[in-house]
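> Pasting in a structure now, in structure tokens, and then I'll have a few things to ask.
What follows is calculated from the coordinates using simple rules that are stated; it is not laboratory data. As the structure is a prediction and not an experimental result, all values here were calculated from the model. Cβ: placed from backbone, ideal geometry, glycine included. Neighbour counts: every protein chain shown.
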Amino acid sequence: MNYIENLAKAIEKQTGLTAAEVAGMIEVPADETMGDFALPCFKLAKTLKKAPPVIADEIANGMALPEGFKSFSVVGAYINFFIDPVAFIADVLKASGEEGYGGSDEGQGKNICIDYSSINIAKPFHIGHIMSTAIGNALYRIYNYRGYTAIGINHLGDWGTQFGKLCYAYEAWGNKEDVEARNIDALLALYVKFHDEADKDDSLNDAAREWFKRIEAGDEYAVSLLDWFTEITLKRVNKVYEMLGVSFDYYTGERFYNDKMQPIVDELDAKGLLTESQGARVVDLESYSMPPCIIIKNDGTTLYATRDLAAAFYRKKTFNFYKALYVVAYQQNLHFSQWFKVVGLMGYDWEKDLEHVNFGMVALEDGTISTRKGRVVFLEDVLNKACEKTAEIIEIKNPGLENKTAIAKQVGIGAVVFSVLSQGRIKDVTFTWDRVLNFEGETGPYMQYTAVRCNSLLVRGADLLNETPDFSALDNDEAFKTAKALDRFPSAIETALAKNEPYLITRNIIDVAKAFNKFYFEHKIIDENKAASAARLALAKAVKNVITTGLYLIGVETPEKM
Ligand code: ARG
């Protein structure tokens, strides 16, 4: 039903304007008690040569209420219109109860490269990584749901002088069994030890550089060490990706671009963009109020930015992306602004299709997270703790539940992801267990619980689902508000995609759950009136569908029972 169009057509004659012009004047009042739509009549005063309140009065009383509307009221210069809730609810429930609601094929044939999680080899997969991982995974799902082809890339940090240090440390103090057994923990310990020792003896740094040169030169043994470090890191982090239900299409890291940088450097050179600065070769960005983008260091080696440039050209050539997103913390704002600008200066208009999807920091309630000196909080531990705490809660609330462990996992991990994706990404996040795992507040468990509640209603009322629903049973404020929230789901997805802000979906399903739970507490769902019960169950079905779909889109599973 197109309410605004219907309304505009009913009013146009009296205003002397076209229906489209009238449609442009119609507003949605912020306060719901002031109607579902309103027409302010101030602008009409000039042409109609009457006071706005008089105009409002005349138009309102001279019109026939169009289809979908129930009543109007005139308040000063405004005409407020109220839609027919029952017709609206029936309409909304038809659409929102169906699979695929809010999805579309608008993105057909368009590739979206999403660079997310992008962990560093031999470094802990820590709590801070939840942001990039969760946001990127959500965007991956959202783009696919709108018909795009998302391409998930884990741009591994698997290149750089730190691997020379690690090789040195392993050769000097490491042992194979320990690294196999404790993997990342053992490598981190070696790395920390290297720094402690190098503080005392600077020659270690030279030795480490030699090791990295061996890697660069393709020395078989040195390369095999790097391969091994990569393999054991991925084995460990893949367990976490599995817990989170996250996957990637490519694990092409910085190393992959090692042989793809030279053509870019040559092109920069040919286009006269490189200048010398203290022995380094840089692209000057002073006119853009940024420090120069360093392409080649004074010792001849390349940098993180050089590899990002090579990666962008590779992605453009390979995937001809419609957009390339980089889900990386705001600490790297400058880095991305710099090399995006370099792409533009090279004359490529697809600079505009590169987007840094940045986000804030994560901290636990007992303090911030530090990656230096080994004081790290592993994401794996946080997720395990969430599952354990959830299992304890289930033990108290519902000890007889089947599949307790699997459900504790869905709820516990879902709670962590949900909490990360329940506010704008640029804000810093602090984890508070009580809040994250609360079954009442704006939390993952609360959403899941609401979907489970709908599910058990649907199971109980299964034989009523074939009845023709009597939607007049939903003529109440609670059902109306629930339907309005359900109706906003598609536009929440659209905006979430346009702004790369998954939390807009989270907010919408929170509204749905809150409104429905009010309805649930005020109204008996299944009673002896079959047609009325069928209508209430249709509401539960739509709520379950929207919450489940919304949770899926942000990367959270919904259990059948809990
Ligand atoms: N590995 C990097 C880090 O941990 C993030 C990489 C992000 N992606 C990129 N294409 N630069 O800081």
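> How large is ³J(HN,Hα) for each residue in the stretch 406-422, as worked out from phi by the Karplus curve 6.51 cos²θ - 1.76 cosθ + 1.60 (θ = phi - 60°), to whole Hz, x for Gly and Pro?
4, 5, 4, 5, 4, 6, x, 5, x, 5, 5, 4, 4, 5, 5, 9, 9
> Now for a separate question. So what's the stretch 410-461 giving for Rg/Rh, alpha carbon basis, Kirkwood Rh from the mean inverse pair distance?
Over the Cα atoms of the stretch 410-461, Rg/Rh equals 1.09.
> Turning to a different aspect of this structure: Tell me, what is the percent relative contact order of the chain, built from C-alpha pairs under 8 Å that lie six or more residues apart?
16
> Antiparallel versus total DSSP beta bridges in the chain: what percent is that, nearest 5?
Bridges in the chain are about 55 percent antiparallel.
> How big is the charge dipole of the chain about its Cα centre, in debye rounded to the nearest 20, if each Lys and Arg gets +1 on its Cβ and each Asp and Glu gets -1 on its Cβ?
Using Cβ point charges on Lys, Arg, Asp and Glu, the chain gives about 640 debye.
> May I pose another question? How far apart, in nanometres, would the label points at Ala391 and Asn2 be if each is projected 7 angstrom from Cα along the Cα-to-Cβ direction?
About 5.7 nm separates the two model spin labels.
> Any chance you could check the Cα centroid distance between the stretch 462-487 and the stretch 172-204 for me, in angstrom?
The distance from the Cα centre of the stretch 462-487 to that of the stretch 172-204 comes to 63 Å.
> Then there is this: Translational D (Stokes-Einstein, µm²/s) of the chain at 10 °C and 1.306 mPa s when Rh comes from the Kirkwood sum over C-alpha pairs?
58
> In degrees from 0 to 90, rounded to the nearest 10, what is the angle of the helix 379-397 Cα long axis to the longest principal axis of the chain?
40
> Taking the alpha-carbon centroid of each part, what is the distance from the stretch 225-261 to the stretch 1-60 in angstrom?
Their Cα centres are 59 Å away from one another.
> Once you mark the trypsin sites (Lys or Arg not before Pro) that are in a DSSP loop and have at most 16 other Cβ atoms within 10 Å, what is the longest gap between them in the chain?
111-259
> Sorted from largest to smallest, which semi-axis lengths in Å does the alpha carbon gyration tensor of the stretch 182-264 give for its equivalent ellipsoid, taking the root of 5 times each eigenvalue?
Semi-axes, largest first: 26, 21, 11 Å.
> Okay, next question. Suppose a student asked you for the relative contact order of the stretch 328-437, using Cα pairs under 8 Å spaced at least 6 residues apart; what percent would you report?
For the stretch 328-437, the relative contact order is 33 percent.
> Counting DSSP beta bridges with both partners in the stretch 21-158, what percentage is antiparallel, nearest 5?
Antiparallel bridges make up about 65 percent of those DSSP assigns within the stretch 21-158.
> Expressed as a rounded percentage, what relative contact order does the stretch 435-533 have, with Cα pairs under 8 Å and six or more residues apart?
In percent, rounded to a whole number, it is 33.
> Continuing with this model, one more query. I need the fraction of alpha carbon pairs in the stretch 366-467 separated by more than 21 Å, rounded to a whole percent.
45
> Let me check I've understood the local charge: for Tyr348, count other residues with C-beta under 13 angstrom from its C-beta, Lys and Arg +1, Asp and Glu -1. What total comes out?
Combined, the nearby Lys, Arg, Asp and Glu give +2.
> Please identify every one of the chymotrypsin sites (Phe, Trp or Tyr not before Pro) in the stretch 311-367 that sits in a loop by DSSP and has no more than 15 other beta carbons within 10 Å of its own beta carbon.
Here the sparse-neighbourhood loop sites are Tyr348.
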